[in-house]
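Trainee: Just passing along the structure, written as structure tokens.
The values are calculated or read from the model by the stated rules, or taken from the named source; none is laboratory data. Keep in mind that what you see is a predicted model, and the values were worked out from it rather than measured. Counting neighbours? That spans all protein chains shown, and the Cβs are built from the backbone with ideal geometry, glycine included.
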Amino acid sequence: MKIIKNPTVLSQDYIPENVIGRKEQISKVGEMIRMGSSSSSFVIRGNPGTGKTLIGKYLLRELKEYNGIYVNCYVNQTDRSIVSAILDDPNIRLPELGNTRSESLSGILFRELPERKNLIVLDEAQSLKKGHGQIVYTLSRSKELGGPDINLVLLSMEEPEMYLDKSTLSGLGKYNRIPLKEYDSKELYAILVDRVEAGLYEGSFTYSAVEQISELVEESGSARNAIELLRNSALYAESRNMFLDEEAVLQAYRDFSPPLEDSSLINLDQEEVRLLKLLLESAYIENGFKTSDLKKLGTGISDARIYKLLKSIELSGLVKKSKIGKGYSGGVENEYILRVPSNVLLSKLEMIERLQGNQER
Ligand SMILES: Nc1ncnc2c1ncn2[C@@H]1O[C@H](COP(=O)(O)OP(=O)(O)O)[C@@H](O)[C@H]1O
Ligand SMILES: [Mg+2]
């Protein structure tokens, strides 16, 4: 039976009419921008699927009196490419020699940006290449540096301390932090109900199936996972000529792994990819690992390095973490259950390794 009426509604890029559980954040940021409050920089931090991109796009849509610009830093990772994305000009010319690179980029930026108020949203800000936070400094200090009025919104999975260097951070000065919690099953349900009502044929689904989806993905708290499982369930039901009921959801869930094209995975650096591969290939991994397994990885890997790897793995949404007690030498022993089959993850890592190898050359 036909189930999907409007596939767009089931895609991740779709911007819904109704925002569930994030209205407060949107109106708070909107108000502060309009009031021209003391700091015009915002950092909205949240795990994958917590609505960051959605909030950014809503702000751009609602603050019509601003010149709105959206840049995905995963696509544009350097200062230079961000400036050309902001100016919508892939061939910006570098001006006279003598200026430092960043000065000349800010020179162009300030010259070309319109005088009126600007709202710049940098999405996936944790993807900024090391040493390329200068643009963040320039944008956040625009007024003082003699540039136009710029309100800056950073959307990221990590705290800025993780990806901006010290001088950029101090340049950013006082900014407004807006943390996003994971969604609970009620919120996920409400998000899904809007989607099924707009995207599926009436009578082709049951609400208890929708409820089940929200419960199955609640542990990740990710609307992205919820929508992906909904889509898979609808496709499954359609292909079997059945209703989208609880049975269809369970069947789809058996083969479900959270969407993997998550940029955070691609953003593991070479060392992290190598360590994670090593970990997955080691004998003691079946569907998860413990903190102590990481320490067994090999000598010469510092604790700081391991801590950073763990943080990256956690942020990628690939594992579910639970505390299992005190480990040796006083550290906490955690257990990490893979959300994705380890062979799937391994082949993905191998692909990334090849990509990284290619970029080097
Ligand atoms: N509060 C919400 N209400 C309705 N849809 C939402 C909400 N939050 C997220 N979504 C939807 O879930 C998907 C993932 O959200 P997204 O904003 O891309 O998350 P993030 O950028 O934090 O990874 C998108 O399709 C988005 O439209
Ligand atoms: Mg996003």
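Trainee: Could you list, in sequence order, the residues of the stretch 203-230 that are within 16 Å of residue 6 (Cβ to Cβ) and either modelled with pLDDT under 95 or not in a helix (DSSP H, G or I) (or both)?
Mentor: Once the filter is applied, which keeps residues that are within 16 Å of residue 6 (Cβ to Cβ) and either modelled with pLDDT under 95 or not in a helix (DSSP H, G or I) (or both), the stretch 203-230 yields 203, 204, 205.
Trainee: Still on this structure, please answer the following. Given the residues 219, 182, 228, which is the only one that is touching a strand residue (DSSP E or B) at 6+ places or on another chain (Cβ under 8 Å), within 26 Å of residue 310 (Cβ to Cβ) and among the acidic types (Asp, Glu)? Step through it out loud before you land on a result.
Mentor: Values: 182 fails: touching a strand residue (DSSP E or B) at 6+ places or on another chain (Cβ under 8 Å); 228 fails: touching a strand residue (DSSP E or B) at 6+ places or on another chain (Cβ under 8 Å).
Result of the check over 219, 182, 228: 219.
Trainee: Shifting gears a bit: Tell me which of these residue 214 doesn't satisfy, since it passes every other one: (1) outside the structural domain of residue 249 (by TED's automatic domain parsing); (2) under 21 Å from the mean Cα position of the chain (by Cα).
Mentor: (1)
Trainee: Pull up the stretch 181-211, narrow it to residues that are aromatic (Phe, Trp, Tyr) and over 18 Å from the mean Cα position of the chain (by Cα), then point me to the one that is nearest to ligand 2 (Cβ to nearest atom). Spell out how you get there, then give the answer.
Mentor: The first filter runs over the stretch 181-211 and keeps only residues aromatic (Phe, Trp, Tyr), leaving 183, 189, 201, 205, 207.
Applying the additional criterion that residues be over 18 Å from the mean Cα position of the chain (by Cα) yields 189, 201, 205, 207.
Numbers: 189: 21, 201: 29, 205: 27, 207: 28 Å.
Only one residue fits best here, namely 189.
Trainee: Hey, among the residues in the stretch 52-74 that are assigned to a loop (DSSP other than H, G, I, E, B) and touching a strand residue (DSSP E or B) at 6+ places or on another chain (Cβ under 9 Å), which one's farthest from ligand 2 (Cβ to nearest atom)? It would help to see each step written out before you state the result.
Mentor: Step one: filter the stretch 52-74 for residues assigned to a loop (DSSP other than H, G, I, E, B), giving 63-66, 73-74.
The next check asks that each one be touching a strand residue (DSSP E or B) at 6+ places or on another chain (Cβ under 9 Å); those that pass are 63, 66, 73-74.
Details: 63: 19, 66: 21, 73: 11, 74: 9 Å.
Among those that are assigned to a loop (DSSP other than H, G, I, E, B) and touching a strand residue (DSSP E or B) at 6+ places or on another chain (Cβ under 9 Å), it is 66.
Trainee: For residues in the stretch 16-51 being away from ligand 1 (no atom under 15 Å from the Cβ) and in a loop (DSSP other than H, G, I, E, B), which is nearest to residue 73 (Cα to Cα)? Outline the logic, then answer.
Mentor: Of all residues in the stretch 16-51, those away from ligand 1 (no atom under 15 Å from the Cβ) come to 30-41.
Those left that are additionally in a loop (DSSP other than H, G, I, E, B): 36-40.
On the way: 36: 26, 37: 26, 38: 26, 39: 22, 40: 20 Å.
Filtering first and then ranking leaves 40.
Trainee: Has the stretch 143-151 got at least one residue that is away from ligand 2 (no atom under 16 Å from the Cβ), buried (at least 18 other Cβ atoms within 10 Å of the Cβ) and assigned to a strand (DSSP E or B)? If you could, list the steps in order and put the result at the bottom.
Mentor: Step one: filter the stretch 143-151 for residues away from ligand 2 (no atom under 16 Å from the Cβ), giving 143-151.
Cutting the leftovers down to buried (at least 18 other Cβ atoms within 10 Å of the Cβ) gives us 147, 150-151.
From the residues that got through so far, the ones that are assigned to a strand (DSSP E or B) too are 150-151.
Yes, the stretch 143-151 has at least one match.
Trainee: Right, residue 158: within 16 Å of ligand 2 (Cβ to nearest atom), among the acidic types (Asp, Glu) and in the same structural domain as residue 35 (by TED's automatic domain parsing) or not?
Mentor: On the way: within 16 Å of ligand 2 (Cβ to nearest atom): yes; among the acidic types (Asp, Glu): yes; in the same structural domain as residue 35 (by TED's automatic domain parsing): yes.
For residue 158, the condition - within 16 Å of ligand 2 (Cβ to nearest atom), among the acidic types (Asp, Glu) and in the same structural domain as residue 35 (by TED's automatic domain parsing) - is met.
Trainee: Can you report the number of residues in the stretch 1-28 which are away from ligand 2 (no atom under 16 Å from the Cβ) and farther than 16 Å from residue 222 by Cβ?
Mentor: Going through the stretch 1-28 one residue at a time, the tally reaches 15.
Trainee: Continuing with the same structure: Going by what's in this entry, would residue 145 be described as touching a residue at least 40 places away in the same chain (Cβ under 8 Å), in contact with a Ser or Thr (Cβ under 9 Å, 6 or more places away or on another chain) and over 27 Å from residue 5 (Cα atoms)? I'd like the intermediate steps shown before the answer.
Mentor: Working: touching a residue at least 40 places away in the same chain (Cβ under 8 Å): no; in contact with a Ser or Thr (Cβ under 9 Å, 6 or more places away or on another chain): yes; over 27 Å from residue 5 (Cα atoms): yes.
No, not satisfied.
Trainee: Within 15 Å of ligand 1 (Cβ to nearest atom), closer than 22 Å to residue 193 by Cβ and either of a type in the set (Lys, Arg) or at pLDDT 95 or above (or both): is that true of residue 61 in this structure? First the steps, then the outcome.
Mentor: Details: within 15 Å of ligand 1 (Cβ to nearest atom): yes; closer than 22 Å to residue 193 by Cβ: no; either of a type in the set (Lys, Arg) or at pLDDT 95 or above (or both): yes.
Considered against the rule, which asks whether it is within 15 Å of ligand 1 (Cβ to nearest atom), closer than 22 Å to residue 193 by Cβ and either of a type in the set (Lys, Arg) or at pLDDT 95 or above (or both), residue 61 comes out as no.
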